[in-house]
Each structure stands twice: as C-alpha cells, then as structure tokens.
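Worksheet for the structure shown next.
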Amino acid sequence: MLKGEPTGKVVVKPEREDAVKRRHPWLFSGSVAKIEGKVQPGDVVDVVSQNGTWLARGFVNPQSEVPVRIATWEPDERLNEEWLWNRLQQAWEKRKQLGIVDETDAFRLVYAESDFLPGIIVDCYAEFVVVQIYTPAMERWRETLADFLTELIRPKGVFERSDFDTRLREKLVPRVGPIRGDAPPERILITEHGLKFLVDVWRGHKTGFYLDQRENRVRSEHYLKGERVLNAFSYTGSFAVYALRAGAKQVINLDTSSEALRLAEENAAINGFAGSVQSMEENAFQLLRQFRDAGEQFDAIVLDPPRFAPTKATVPNALRGYKDINLLAMKLLKPGGFLVTFSCSGMVSAEMFQQVLFEAALDAKREVLILERLTQSRDHPILTTFPESEYLKGFVCWVW
Ligand code: SAH
C-alpha cells in the first residue's frame, strides 16, 4: 500500500517561486536551491519556498533534468492510492464526456501532466490498454496502476510500452510486455470514425498508432479527395485510408519504414481500397526532389514528418528541414491543390511554423492560403499552465 507521505522537502530558489505558484508542473534542476531529507528517486516531496512556506507537492527524481514533477497545489491532498484512483477515474470521465469513446475505440486515456498524472501515459486500443511509465515514482505505482486500469476499463489485458526516450532521461531501463491479463495479439484491430486499422502495440511507434492525429485525419478528409494524393511520412497509412474513403482515386504512401508500409497496405485492404494505394519506401527529402525533377503533380499532399527539433539547439536546423519539404510539396501541387502539413516539434511554435510556410511559398512562387489550423486531438488536451503539453501543429494550405 503506497501512502505517498513526503520524505523530504525541495527548497525552490526565490526567483523560481513564481513559476511554481503559477502552476507550472516541472521544477528544473536550476530552480532547486536544495533538497532536505533522505529522498530516494520516486519519493513524494513537498516543495517549499526559501522561508519554508508550503507551495506544492510532487514526485522527486534527483537524477533527472526535471528533479520534481508537481502533482498537486492543494496542501491537504495526499499523493496516495486514492489520489491515483481518482485521477484515473477523472481522466476516463473526461474522455466519455467529450464523446471520444463514441467515435473510436482507440484513444489516449491519460496524457500525463494534462491529466495531473505526471509520468504516465495510457492509451486504449479496442480491448487492450497500453501504458507508458517514465518516472521512478510511477514505476513504484506500476502494479497498482495495472490493477486500477483493469478495474476501471475491464480490458482483456494491460500492456507496457515503457521504452521511449523520456524514460531513459530519467535513468530507467526500457521495459516492454504484458502486465495484466492476456498479451495483445501482434496486431490489434481498431475502429476509428468507422474505418479499420491494424495496430502493432508491441513494436509500433509511440504506443502503436498516432492517436494525436485522429481529429486531423477526419478534418482533412475533405481536402484529400482529389485524383492523386501523396501521403508523405505515411507510417501505417492512416491519412491514406481517410483520403480513399473521401474519394481519392490513388494515394501514394511514402515512408522509410518497410514494416510501416506493409501495414499501410493492409490497412487500405481491410477497408476495401487494396487497389488504390501504392507504397514507396524512400527518403522523403530525396523522393520529393525526384518528383519535382520529373514534373509530377498531385491534387493533395500530406506532410507529417517525425519530430525534427527534439531540443532547442536543433530548432534552426529543423526549420530548414520543414521549409525544404514544404517548399517541394508546394511545387508539386496542381493549382488549387491542398497541402496538409504538420510539425510535431514542441520547440517549434505555430507562429514559427507559419513563418516557414510563408518563406516556402515565396520561394516556391506560389500563392498559399491557410484554410485551417490544426492541433493535437482532444484526448491530448493542452494544459494552459503547461505550454510544453502542446506539441502538434498543422495547417491546411490551399496552394495556387
Ligand atoms: N502520419 C502518420 C504518422 C507519421 S510518423 C500517421 O498519422 O499515422 C513519421 C513517419 O515518418 C514514420 O513512419 C517514419 O518512419 C517516417 N520517416 C522518418 N524519416 C523519414 C524520411 N526521411 N523519409 C520518409 N519517411 C520518414
């Protein structure tokens, strides 16, 4: 039984106090004046000001770049089992209230800080639940979390995909495998907005599927119904299936991953579009150039590259990368064609990304109108006190 009693105090530097009071949930190492008490990674700690005033309570990991993740600003709230259960239940109620469970059986149930559960991500895929645990505190709660999810969702199984980079930065070893119930099959069949997709939760990206793009897929459908559509950085071809349903005649899925493309073909086939997709296992930077040189033309293009800017230092390079592919895509579009373009770099703001599109349009000598601004799906809500929870930006552009 985890009681969650604080074992120590973390004293905040005076100049950083305001950030805590303004409810930013991360305390960076540069903000910590000292840690009092014998704290172990994963312990509960109180966050206090230099003069000892209580400010917040959270979980500590002295080995992390973020030594404290704050979970509550209520002095009476204990970070115990009851807290975990309540938070999970609230997260579940919120998804139900939003109607997400009526649109899909694959969605994010817990989005870490945005659900006031730092260190935990929980994604549901049909009858299975996939968890990502990435702090020593939540590592201690692993068994309880699995029990609670079993009780709350009644899935066939709870599966762990704790193998991503945030976890390594917390000095935890990767772990993948079933925790409760049945092990998931190699491919789980999900239904999203009436379309079917196969998801590999064992080896796929993230926990298997880009759930954050779900609402953008349905919103961009309208723009993707032209004769010939290019789905660049396709992964398992989710945008292609939506495009085909909308009426596109032919869609090219372009990705460097052969496994992703194979699954993309199956995803098209199970929705009845086997004959209309083509796979190209190529580097997008090169293939877009080849298409340009060959004078290829498309009615619509989706650009959904991986995160180009993982850190602040990589932003300038990332912007060059975004400009490059967007410029090429603009050139490849017929007049009046649609470009649905994304950046999932948290470090690149929507303003910066729009600036990139502006520069690309000038260089491509095309007139570009922004029709829609897109963001991550509502099951990945952006916490206003935590701008870092926003990472996905997209634009639907009309290219003339
Ligand atoms: N749009 C997809 C998610 C794309 S994730 C969806 O909604 O499901 C980014 C994809 O880009 C990954 O599948 C990765 O394999 C691919 N990728 C990374 N670098 C690439 C490159 N240089 N050229 C083509 N594909 C690339």
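Observations on the model:
Here's the yes/no breakdown for (1) without any contact (Cβ under 8 Å) to a residue 12 or more places away in the chain; (2) within 13 Å of the ligand (Cβ to nearest atom); (3) crowded, with 19+ Cβ neighbours inside 10 Å; (4) not assigned by TED's automatic domain parsing to the domain that holds E372:
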{"residue": "E215", "(1), (2), (3), (4)": "no, yes, yes, no"}
{"residue": "S257", "(1), (2), (3), (4)": "no, yes, no, no"}
{"residue": "A274", "(1), (2), (3), (4)": "yes, no, no, no"}
{"residue": "S279", "(1), (2), (3), (4)": "no, yes, yes, no"}
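- Filtered residue count, the range 328-337, keeping only those that are open to solvent by 30 Å² or more (accessible area, probe 1.4 Å) and assigned to a helix (DSSP H, G or I): 1
- Test: L195 is open to solvent by less than 40 Å² (accessible area, probe 1.4 Å), out of contact with any strand residue (DSSP E or B) (no Cβ under 6 Å at 6 or more places or on another chain) and hydrophobic (A, V, I, L, M, F, W, C): yes
- Looking across E151, E103, one residue alone is more than 17 Å from G58 (Cα to Cα), open to solvent by 30 Å² or more (accessible area, probe 1.4 Å) and within 20 Å of the chain's Cα centre (by Cα). It is E103.
- Top-ranked residue in the range 7-29 [being at pLDDT 95 or above and in a helix (DSSP H, G or I); ranked as least open to solvent (accessible area, probe 1.4 Å)]: V20
- Counting only residues that are within 12 Å of the ligand (Cβ to nearest atom) and farther than 27 Å from H205 by Cα, the range 306-346 holds 0 of them.
- Candidate set from the range 361-400 (those that are basic (K, R) and within 18 Å of the chain's Cα centre (by Cα)); member that is nearest to G337 (Cα to Cα): R373
- Pairing residues of the range 24-43 that are farther than 23 Å from E139 by Cβ with residues that are open to solvent by 50 Å² or more (accessible area, probe 1.4 Å) and modelled with pLDDT of 95 or more, at Cβ distances under 7 Å and at least 6 apart in sequence or on separate chains, gives S31/K13; S31/R16; A33/K13; A33/Q50; E36/K9.
Let's see how each residue does on (1) within 23 Å of L211 (Cα to Cα); (2) open to solvent by less than 10 Å² (accessible area, probe 1.4 Å); (3) part of a strand (DSSP E or B):
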{"residue": "L339", "(1), (2), (3)": "yes, yes, yes"}
{"residue": "E351", "(1), (2), (3)": "no, no, no"}
{"residue": "I370", "(1), (2), (3)": "no, no, yes"}
{"residue": "P381", "(1), (2), (3)": "yes, no, no"}
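- For the range 330-351, a residue qualifies if it is free of Cβ contacts under 8 Å to residues at least 40 places away in the same chain and touching a helix residue (DSSP H, G or I) at 6+ places or on another chain (Cβ under 9 Å), and the qualifying residues are K331, M347.
Residue by residue, here is whether (1) under 25 Å from I120 (Cβ atoms); (2) among the polar types (S, T, N, Q) holds:
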| residue | (1), (2) |
| --- | --- |
| T191 | no, yes |
| F197 | yes, no |
| V201 | yes, no |
| D212 | yes, no |
| G247 | no, no |
| V251 | no, no |
| L254 | no, no |
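- Criterion violated by V173 - all others in (1) of a type in the set (A, V, I, L, M, F, W, C); (2) open to solvent by 50 Å² or more (accessible area, probe 1.4 Å); (3) outside the structural domain of D123 (by TED's automatic domain parsing) satisfied: (3)
- Qualifying residue in the range 298-305 (condition: part of a helix (DSSP H, G or I) and either within 9 Å of the ligand (Cβ to nearest atom) or closer than 20 Å to H205 by Cβ (or both)): no
- In the range 225-248, the residue that is surrounded by the most Cβ atoms within 10 Å (Cβ to Cβ) out of those that are more than 12 Å from the ligand (Cβ to nearest atom) and outside any helix (DSSP H, G or I) is V229.
- Residues of the range 201-213 that are part of a helix (DSSP H, G or I) and surrounded by 22 or more Cβ atoms within 10 Å (Cβ to Cβ): L211, Q213.
- Residues in the range 299-318 that are without any contact (Cβ under 8 Å) to a residue 60 or more places away in the chain and crowded, with 21+ Cβ neighbours inside 10 Å: A309, A318.
- Considering I190, I252, the condition of being more than 24 Å from K393 (Cα to Cα) and either surrounded by 17 or more Cβ atoms within 10 Å (Cβ to Cβ) or within 11 Å of the ligand (Cβ to nearest atom) (or both) is satisfied by I190 alone.
The values are calculated or read from the model by the stated rules, or taken from the named source; none is laboratory data. The model shown is predicted, which means the values in this text are computed figures rather than measured ones. Here the Cβ is made from the backbone with ideal geometry for all residues, glycine too, and neighbour counts use every protein chain on show. These area figures cover heavy atoms from the full protein model, side chains too; ligands, DNA and RNA do not enter into them. Shrake-Rupley method; radii C 1.70, N 1.55, O 1.52, S 1.80 Å.
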